[in-house]
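Quick notes on the structure that follows.
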Amino acid sequence: MKKIIFLIAVFAVLILKSAIVQAQSELLLLMDDDSLVKETKDYITRVKNDEGAVVDKKFINSLIKLAKKDGYFDKISFWVSASGGLKLNNNFVDKQYDIKGNDITKTDIDARPLFVNSIAKNKPGILYDGKNDFLENKDYYSDHPLTIVLVIKQTNEMNKEAILDSRNGKPNTVYFKKGNEFLEPLVIESGKKFESSTIDTLVNMLFVEMNGKDSKVYLNAENFGSGELSQGGFDGIILGSLGKINKGYFLGGYIFEIGVINLILDENKRIKLNDFLTKQYK
């Protein structure tokens with residue numbers, strides 16, 4: 001009996017390893033394929049017609065193809081990338097183009113983040129100064145359940161650090177609150193809130209699942225915390241500031257990717273997306 005159980009366990013491990021290898025091979029094929037899908041072409045055209053430019057067409061194309069292949073592209077309601085469409089003025093960001101059209105802007109020339117090249121694996125990032133930089137879209141709207149995908153790198157000691165929030169309505173928020181000398185907890189808030197630990201100042205992949213009583217956070221593919229949130233969503237969106245909670249909260253660091261997907265990804269799809277972003281940035 002023990003021998004049978006052992007063989008079953010070995011067989012299960014082999015199946016898991018095979019699935020991981022297959023998923024990695026699929027990612028490599030996606031990233032190596034230069035053929036542009038229609039959605040990428042439409043995005044490039046829209047950005048170009050507005051006098052912007054797409055920084056890395058191949059990466060954006062691979063991202064869109066992965067989301068289409070895994071069946072959630074139509075559920076992406078917001079995704080901006082430092083490697084995507086940008087309109088710059090002396091390297092300051094006038095506009096960042098969302099792949100679904102919910103572009104974010106800042107008209108105040110003294111409060112725009114900075115485009116910086118060659119930050120993570122020679123890939124660009126959008127640098128927020130921790131003082132007053134933010135970008136926003138007042139018209140974007142999205143309900144729970146949803147998955148927020150974040151690729152960020154903080155530059156300062158984490159002290160009242162904003163990542164994103166709902167612009168107009170009740171908070172729908174990811175931020176670091178003021179803690180003690182050694183801990184500035186990551187806080188997820190939408191009606192109710194829960195806290196995880198702090199994170200380091202390396203490039204990090206965060207998946208935040210806003211899903212009522214079953215809300216979770218994953219850091220670099222590992223479970224990082226869980227809790228309960230009230231039903232809510234985004235009524236407008238703001239990056240780099242928490243105007244609805246505390247106007248003293250601003251991000252000091254880089255945002256590489258921020259996406260909002262209007263569903264909770266299953267484990268396999270979440271890991272594949274995490275692996276895809278890891279290959280880009282880590």
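What the table below lists for this structure:
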quantity: Within the range 33-281: Cβ-based charge dipole about Cα centre, in debye rounded to nearest 20 (Lys, Arg +1; Asp, Glu -1); calculated: 340 debye
quantity: Dipole of the range 227-282, positive direction: furthest Cα of 227, 251, 273, with charges on the beta-carbon; calculated: 251
quantity: Eligible aspartates and glutamates near residue 272 by straight Cα distance, threshold 12 Å, same-chain separation 8 or greater; calculated: 26, 70
quantity: Candidate lysines - alpha carbon under 21 Å from residue 41, same-chain residues fewer than 8 apart omitted; calculated: 57, 58, 65, 68, 69, 75, 87, 95, 100
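All of the numbers you see were taken from the coordinates with simple rules; none came from a lab. Everything numeric here is computed off the predicted structure, so don't read it as measured data. Ideal geometry is used to build each Cβ from the backbone, glycine not excepted, and the neighbour counts take in all protein chains shown.
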